[in-house]
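What follows is calculated from the coordinates using simple rules that are stated; it is not laboratory data. Note that the coordinates shown come from a computational prediction; the quantities given were computed from them, not determined experimentally. A quick note on method: Cβ atoms are made from the backbone with ideal geometry, for glycine too, and the neighbour counts reach across all protein chains shown.
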């Protein structure tokens, strides 16, 4: 005896009477299946392309935020160079009157460098290091025994990086082995 809460057992599906497909219908089904496969492949490719686009856009957004100050820092680098030239000129100037000026310019330069370092600006110190064309711009070669061959003999202008991106290469003179003099 069955209660109302019990449901009847599901019945097995009834198989439809066998239908034979005509060759035209079979051909049409094959064409539709091929078209459905093509649409499925396009959907998968489009989905993958969209995922790649989202990842690339997120990566570009992060990079843009990290390097947003690059243009401004590139414009400030010549100011740092001018401070260094002003300090060098003040050191060579005769007299006691330049001492307060010299110390004031030195304090401003130190403060500016500190702020720029906090922003991610990094000086490239090249003197005595192996020449690296990705960081250094060679303007000439100098025969010397003081520095190994293909190392920086003299740095003419400092280079700067913002995090890992090069803003300005260091301008350098590269050492080469002296030519042996024949007597």
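Spin-label point model (7 Å from Cα, Cβ direction): what's the residue 31 to residue 47 distance in nm?
2.8
According to the Kirkwood expression over distinct Cα-Cα pairs, how big is the hydrodynamic radius of the chain, in Å?
Radius from the Kirkwood sum: 24.4 Å.
Among 101, 26, 166, which one moves the most in a GNM of the chain with springs linking Cα atoms closer than 10 Å?
Of the options given, 26 has the highest mean-square fluctuation.
I want to check the label-to-label distance for residue 58 and residue 135. Put each point 7 Å from Cα in the C-beta direction and report it in nm to one decimal.
Label-label distance for residue 58 and residue 135, simple model: 3.3 nm.
Treat the count of other C-beta atoms within 10 Å as a stand-in for reagent exposure and order 179, 139, 172 from fewest to most.
179, 139, 172
Using the Kirkwood formula over every pair of different C-alpha atoms, what hydrodynamic radius in Å results for region 52-132?
Here the Kirkwood hydrodynamic radius works out to 15.7 Å.
Mind listing P(r) for region 123-183? All alpha-carbon pairs, 10 Å bins, whole percents.
Using 10 Å bins, I get a P(r) of 26, 46, 19, 6, 2, 0 for region 123-183.
Of the residues 150, 49, 38, which exhibits the maximal mean-square fluctuation in a Gaussian network model of the chain defined by a 10 Å Cα contact cut-off?
38
How much FRET efficiency would the formula 1/(1 + (r/R0)^6) give for residue 118 and residue 143, where r is the Cβ-Cβ distance and R0 is 41 Å, rounded to 0.05? Please list the in-between numbers first.
Working: r = 41 Å, r/R0 = 1.01.
That pair, residue 118 with residue 143, gives E of 0.50.
With labels modelled as points extended 7 Å from the Cα through the Cβ direction, what inter-label distance (nm, one decimal) is found for residue 163 paired with residue 110?
Simple spin-label model gives 3.0 nm for this pair.
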